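Visitor: Mind looking over this structure? Questions follow.
The values are calculated or read from the model by the stated rules, or taken from the named source; none is laboratory data. All values derive from a computational prediction rather than experimental measurement. Neighbour counts are summed over all protein chains in view; Cβ atoms, including those assigned to glycine, are modelled from backbone coordinates with ideal geometry.
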Amino acid sequence: MKVSIIVSAAIMALALSACERQSVVAPPTPPAVVTVPVPVPGPAGPTGATGAQGATGAQAEKGEPGSTGATGNTGATGATGATGDSGAQGQRGRTGGDTVVVIPPAPPAR
């Protein structure tokens, strides 16, 4: 591999050196330079007058009415009311006679 690269480089050197050389051509003479006088700017002039005030703009159009607001939160619960007055005293009961009180039996245990 090394030999083939060396051989191909030698062949290319021979092939390029065998080409015909071009004849030397003298470059053309440059054109003559002509200087043109350039005007030099003078000092700045005075400041100009202030411009007139612009016209007033047109009046804006009225916008659309806004949307209805969201529903408010529920209010807090009110305070507990005052205790009511005591009721009127009842009349004394009559002494009993032959009143019978029936007590039902207890239900059976499950």
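Visitor: Give A15, A60 a once-over and let me know the one that is assigned to a helix (DSSP H, G or I), exposed (fewer than 10 other Cβ atoms within 10 Å of the Cβ), at negative phi and among the small types (G, A, S).
Guide: Checking each option against the conditions leaves just A15.
Visitor: Continuing with this model, one more query. Give me the pairs, please: first residue somewhere in segment 87-107 and at positive phi and surrounded by fewer than 10 Cβ atoms within 10 Å (Cβ to Cβ), second residue anywhere and in a loop (DSSP other than H, G, I, E, B) and modelled with pLDDT of 85 or more, beta-carbon distance under 9 Å, and either six or more positions apart or on two chains.
Guide: Listed by first residue and then by second, the contacts come to nothing, as the list is empty.
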